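What follows is one structure encoded as structure tokens, with my remarks underneath.
The values are calculated or read from the model by the stated rules, or taken from the named source; none is laboratory data. Everything numeric in this text was worked out from a predicted model, so none of it was measured. We place every Cβ from the backbone using ideal geometry, glycine too, and count neighbours over all the protein chains shown. The accessibility values were calculated without ligands, DNA or RNA, using every heavy atom of the protein model including side chains. Shrake-Rupley method; radii C 1.70, N 1.55, O 1.52, S 1.80 Å.
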Amino acid sequence: MYRNVEKDLLRWKKIPNKKALFITGARQVGKTYSIREFGRNNYANFVEINFIDMPEAKKGFEGSLRPEHLYMWIGMLSNRALTQNQGSTLIFLDEIQECPQARTAIKFLVEDGRFDYIESGSLLGVSYKNVPSYPVGYEHHLSMYPMDFYEFCCAWGISQEVFDYLETCYRERKTVEEGIHGQLLNLFRYYVLIGGMPDPVQTFIDFRDVVAVTDKQKTILQMYRQDIRQYVADGNLQKRIEEVFDRLPAALAEKNRRFKIASLGKSARLREYEDAFLWLRDAGVALPCYNLSEPRMPLKLNEKSSLFKLFLSDTGLLCTMSFEENIQFKILSGDLSVNMGSILENAFAQELVAHGFKLRYFNRHGIGELDFVVQQGGEVAIVEIKSGEDYRTHAALNNALKIKEWGIKKALVFCKGNVAQEGAVTYLPWYMTMFFKPESQMGSEPDELDSRVINQMLNHLPRES
């Protein structure tokens, strides 16, 4: 299963005298699988130590952290001699949050320089386990997220030819051939339903069974709840975290999506729940989206931290948490109407974060609400998400474009319609979110595609089950 992190791993491998690579992310996003595939395919010698599966491995890090001692210990655990050739051996320390001393040892191992090192762990453990001495300056940090829509399409077997064609349409603002357009809309609906957790994605591809997918997603949600109990010793904080977590679907279903502290109880106060919000953010479970006082640069300085939306890290998990409303079956039948707007907006929040954007929105009386306000290059861009047929109706966006001192020149409306340009507003199909990045990351322009090639591409696109 292709993951975008493969490119980052290959770039890291080419760096001379490199730091250790520290990969974090929420549970079940595919960290271990991706690292394992990379190690096996790109190194003559790949050694994996998992501190959960091999609790005895911790003993080797309890005494001396001299490289010679650690290499002997790792060699014994892996039952193999470590190859001394520069760049030929990768040592993978998985679930490193379970062995804080191993995190400290990274400084000495990197200084020694004989081998390459990747560390990985859940964001929960990494944030809430005490490390005696952090290896500051000896780690390069990389975050992994659930699969984005491009990765989801790759899992479905969409060819590079299709991606090249769609990218050309995105870049040149050209209409997508209707057959391809319709099939990609269907595929995006599947993505909204299934989300980007690799196990549920593979289950749906293999069996097309929504119930089986839901069971996988319920298991992941249960893991999150177990983590709350494992890593939070304070019973009151544990209770507040669970309250916020359980409230997420209902908060997103409200008209303005904003998380209201009062919804947790009449006496609830932000200061009491601040640690709960931070915990869910640090765990990679929730994605905060802060309101702006003005949609102008620099966006960071215009954030209002007391007003925010709180999205779930994966739209598939959100659908399962909202199962009582039979959301899965509505989406499969093609219903992404206004009542489904919160699910669709969550899918785009997930996509934007995976692409490197910071989540912010704008809402002011007299202007209205802008779903997302992001920085793309040196410009502010408004991103509106429309679920219904009336996607050309966007009063707030029009009002914002009229404010000259804001100087907004880029406005994108993601909708079920085809590519179109009307003044400063660009209409793009939902699926073209895969090409919207903080900086231009376009590939080389493909050759002109004739009708014969388009027909071939249509034959390779997934049909509705």
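Hey, if we sort Arg208, Arg271 by accessible area with the 1.4 Å probe, largest down, what's the order?
Arg271, Arg208
Can you give the extra length, in nm with one decimal, that the chain gains between Ala424 and Ser305 once fully stretched, where that is 0.36 nm per residue apart less the Cα-Cα distance?
Result for the pair: 39.9 nm of gain on full extension.
Amide H neighbours of His140 under 5 Å, at least 5 residues apart or on other chains, H built in the peptide plane: list them.
Placed amide hydrogens put Ala20, Leu21, Phe22 under 5 Å from His140.
With each label point set 7 Å from Cα along the Cα-Cβ vector, what nm distance links Arg281 and Arg247?
Output for this residue pair reads 1.6 nm.
Of the DSSP beta bridges with both residues in the chain, give the percent that are antiparallel, rounding to the nearest 5.
Of those bridges, close to 35 percent are antiparallel.
Using R₀ = 30 Å, calculate the FRET efficiency as 1/(1 + (r/R₀)^6) where r is the Cβ-Cβ separation of Lys255 and Glu379; round to 0.05.
Efficiency, rounded to the nearest 0.05: 0.55.
Between Ser88 and Ala262, take the C-beta separation as r, use R0 = 60 Å, and let me know the FRET efficiency to the nearest 0.05.
The pair Ser88/Ala262 has a calculated efficiency of 0.50.
On full extension of the chain, what length is gained from Asn4 through Met223, given 0.36 nm per residue of separation minus the C-alpha to C-alpha distance?
76.4 nm
Any of Lys239/Lys260; Lys255/Lys386; Lys386/Lys410; Lys309/Lys330; Lys358/Lys437; Lys7/Lys437 with alpha carbons more than 19 Å apart? Name them for me.
Where the Cα-Cα span goes over 19 Å, the pairs concerned are Lys309/Lys330.
What distance in nm separates the simple spin-label points at Tyr134 and Thr104, each placed 7 Å from Cα in the Cβ direction?
Taking the simple label geometry, Tyr134 and Thr104 are separated by 1.6 nm.
Just to compare against my own numbers: the Cα pair-distance distribution for the stretch 329-439, 10 Å bins, whole % per bin, please.
13, 49, 33, 5, 0
Taking the Cα centre of the stretch 289-436 as origin, work out the dipole magnitude from +1 charges on Lys and Arg Cβ and -1 charges on Asp and Glu Cβ, in debye rounded to 20.
560
What does the highest-first list of 94-107, 232-245 look like by mean Cβ count within 10 Å?
94-107, 232-245
Tally the DSSP beta bridges in the stretch 334-422 and give the antiparallel ones as a percent, rounded to 5.
Here the share of antiparallel DSSP bridges comes out near 60 percent.
Excluding Asn398 itself, what net charge comes from residues whose Cβ is under 15 Å from its Cβ, given Lys and Arg +1 and Asp and Glu -1?
Overall, the nearby charge balance is +2.
HN-Hα J couplings of the stretch 150-167 from phi, Karplus 6.51/-1.76/1.60, θ = phi - 60°, integer Hz, Gly and Pro as x?
Each residue's phi maps through the Karplus curve to give 4, 5, 4, 5, 4, 5, 7, x, 5, 7, 4, 4, 5, 4, 4, 5, 5, 5 Hz.
Compute the relative contact order of the chain as a whole-number percentage, counting only Cα pairs closer than 8 Å that sit 6 or more residues apart in sequence.
In percent, rounded to a whole number, it is 15.
Separation between the His365 and Lys409 pseudo-spin-labels, each 7 Å from Cα along Cα→Cβ, expressed in nm?
In this crude label model, His365 to Lys409 measures out at 3.4 nm.
Using the Cα gyration tensor of the stretch 174-279, with a ≥ b ≥ c the square roots of its eigenvalues, what is the shape: rounded (a/c below 1.5), prolate (a/b larger than b/c) or oblate (neither)?
Judged from the Cα gyration tensor, the stretch 174-279 comes out oblate (a/c at least 1.5, b/c at or above a/b).
Pull out a ≥ b ≥ c, the square roots of the eigenvalues of the alpha-carbon gyration tensor of the chain, then state rounded if a/c is under 1.5, prolate if not and a/b is larger than b/c, and oblate in the remaining case.
The shape class here is prolate.
Need the full-extension length gain, Asn41 to Glu68, defined as separation in residues times 0.36 nm minus the C-alpha distance. One decimal, nm.
7.0 nm
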